[in-house]
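The values are calculated or read from the model by the stated rules, or taken from the named source; none is laboratory data. Please read these numbers as outputs of a predicted model, since none were measured by experiment. Neighbour counts are summed over all protein chains in view; Cβ atoms, including those assigned to glycine, are modelled from backbone coordinates with ideal geometry. These accessible areas exclude ligands, DNA and RNA; they are computed on the full protein's heavy atoms, side chains included. Shrake-Rupley method; radii C 1.70, N 1.55, O 1.52, S 1.80 Å.
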Amino acid sequence: MREDNNSLINWLEFVTVMAALVIMSIVIFIYHKALGAIAFAFCLYAGYYFNSLIEEKKAGYVKQIESMDETFSDVTRCAVFGMPFPMSLISQDGKINWYNTKFKNLFPESELLGEKIDDILPKINTKDLLKSEKGEVIDIDIQNKNYQFYYNIVDTYKQDKKKLILIYGLDNTEDEIIKRAYYEETPVIMAIQIDNFEEIAGATDENNRPIVFAEIDKEINTYAVNYNGFARKYDSDKYLCVFRKVDFNRMIKDKFPIVEKVKDMEAYSSIPPTLSIGVGASIEPPLEVYKIARLAVDVALGRGGDQIVVNEGGRLSFYGGKKKAIEKHNKVKSRVISHALTQLVDQSNSIFAMGHKNPDMDSFGSCLGIYTFIKLRGKNCKIVLKEVTPAIESLYNETLRQMPEIKNDIISPEEAIDRAKSNSLVVVLDNHRKNSTEAPELLDITNKVVLIDHHRRGADYIEDPTLTYLEPYASSASELVTELIQYNEEDLKLPKIIADALLAGITVDTKSFTFQTGVRTFEAASLLKRFGADSISVKKLFREPADTVKYRSEVVSQAEIYKDIIAISKFENEIDNSVLVAAQSADIMLDMRGIEASFVLTYYKGKIHVSGRSVGEISVQIILEKIGGGGHQTSAGAQLSDMSIDEAVDVLKKVIDEYLEEDEKVESNIEK
């Protein structure tokens, strides 16, 4: 048994004195036995006396401790009941066993004793508290005040083998008011750019031109004032606006009506003005917020313009963008990009071209086009291809038949990664998302990346490409590559199979020149025809097995008409070309009268793939972006996992509902 310090000191004193007395008794006994016996007797008496004193002192000490324990219990009891903040004791089944006056004052109309705590404070879940070991703070607003509730778990195993939870709340109202005020007063910078400034200027009578742009200035300035901000024009087609965060939140709620208001200004111009808006809403220095806003404008332009991109702490949100991108008739940009790409190719010794995973005709066809572009410059190029999917099998086989030498230039992602160097040039086609490419690791190795794509720019855009040619107005990546090849050499000769491949890419993405088809699409097709592309040969590339045709018919026949304008179906057979069947079935369902958009879900490699198609009024891109997908306004896709196909259909319907509700709110705000 361990003794306390006082007891230890007494025992040391006792042993020292007794040792001295014994030694003295022995010495006396040696010289005089009678006196020695008396000395021994005295030692016994002294030992008894000292031991009695120690025991008496120990008993007094124990009594003092017990008295202090009782006193401490009284003090603790008084302190708990008199705490200046609300406290309550909760049983492990969630019932309130005890509470103090401060806690009762929070709920004057409620009978608290025996009630469930989650009925009184829904944010406090007893089961979660018992599982948690972090002691997390729970913020709760009560009677226009903010409280931070803390909790302690008390074990009572010695009594009834149960646990109790002590919760107590600290009034955090003043701090919360300061925090909210700081948040609401944070400046938000908005950069606005007129997408089609040059087109409007060219299509508007010289006398009316100043009136059109003056009206746009007026709308933007009025809009800023309505939200307690201000706008300044710093270029012919660019504006800078500043708002408070609290007013900007109202804009989000109103769905930015400025975009539609400006678009409706067609009194003096045959072309409706459209705006691209980038918003920086981060807690950063003003210069950084402005840079964020400018980058957000670039994203909006990359998605086709006529929309708002909000960058809030690195998280991108998109508003608008439901209309078709306006085609640009000026080909200066394609000529400049072609020249810049030529320089990059000439300066590189190691070049790779790759499309997206699960490639289609446009992805593989545009890769073949760029491969030819590079070979015409006298450089070697490798096409990165993980697998030959059913969608490209016929084109792949026909290419090897007509150009057998190309087989050695088509390599796997693993081989490409082994060969790549930091100065290698990688051309990414028909895609701008790193994780959707055939070899994402390839982009980490090289510092030279060229991006050629026609899809609207998404949030997970490949960062800092050396050269970007992203045009959402274009029908396909094959169309863009055809234009680049056109400006490569004056006396150009293109192999027939390459011309067929590019025409096949345009054909598949335009649904045989029906959707997303502009003047430049037909010009590109005309150029390919001059290079020897044959429509019959292209049609043969799309021929399919009888089973595939049968599967498509089954998918279309099972379609559910949702909200009267959307067709949704499922293909539950997981086969090699299930994604192709789903995409083609979605295309066919658009032929149904009254259908504005279609979606088909199917299984492929352990995931659920969603193919979305639209005739233009509904943006399937925006719908599928809500579940992590992306693509184009009229053609998009997404992948879902960890759920059944029926659950995936429910998720899809939910995001469709959200999209349609947002569309209704925007129209309602415009009418007001």
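Structural remarks
- Residue tally, condition open to solvent by 90 Å² or more (accessible area, probe 1.4 Å), aliphatic (A, V, I, L, M) and not in a helix (DSSP H, G or I), over the stretch 217-238: 0
- Screening Ser236, Ser276 for residues that are under 22 Å from Ser317 (Cβ atoms) and among the small types (Gly, Ala, Ser) leaves exactly one candidate, Ser276.
- When the stretch 544-586 is filtered for residues that are assigned to a helix (DSSP H, G or I), under 22 Å from Lys653 (Cβ atoms) and open to solvent by less than 80 Å² (accessible area, probe 1.4 Å), the ones remaining, listed by number, are Glu554, Val555, Val556, Ser578, Val579, Val581, Ala582, Ala583, Ser585, Ala586.
- Note on the stretch 239-268: residues that are open to solvent by less than 50 Å² (accessible area, probe 1.4 Å), assigned to a helix (DSSP H, G or I) and over 25 Å from Ala201 (Cβ atoms) total 7.
- If the condition is being more than 18 Å from Glu661 (Cα to Cα) and within 16 Å of the chain's Cα centre (by Cα), then the stretch 610-630 contributes Gly628, Gly629, Gly630.
- Pairs, first at pLDDT below 90 in the stretch 524-550, second exposed (fewer than 12 other Cβ atoms within 10 Å of the Cβ), C-beta under 9 Å, six or more apart: Phe531/Lys493
- Residues being more than 22 Å from Ser317 (Cα to Cα), touching a strand residue (DSSP E or B) at 6+ places or on another chain (Cβ under 9 Å) and not in a strand (DSSP E or B) - total across the stretch 592-640: 5
- First in the stretch 552-573 and touching a residue at least 40 places away in the same chain (Cβ under 8 Å), second anywhere and open to solvent by 40 Å² or more (accessible area, probe 1.4 Å) and part of a strand (DSSP E or B), Cβ under 6 Å, 6 or more apart: Ile568/Glu560
- Members of the stretch 63-105 that are modelled with pLDDT under 65 and open to solvent by less than 70 Å² (accessible area, probe 1.4 Å): Ser67, Ser73, Thr76, Ala79, Val80
- Failed item in (1) surrounded by 21 or more Cβ atoms within 10 Å (Cβ to Cβ); (2) of a type outside the set (D, E, K, R); (3) closer than 17 Å to Leu451 by Cα, with Leu467 passing the rest: (1)
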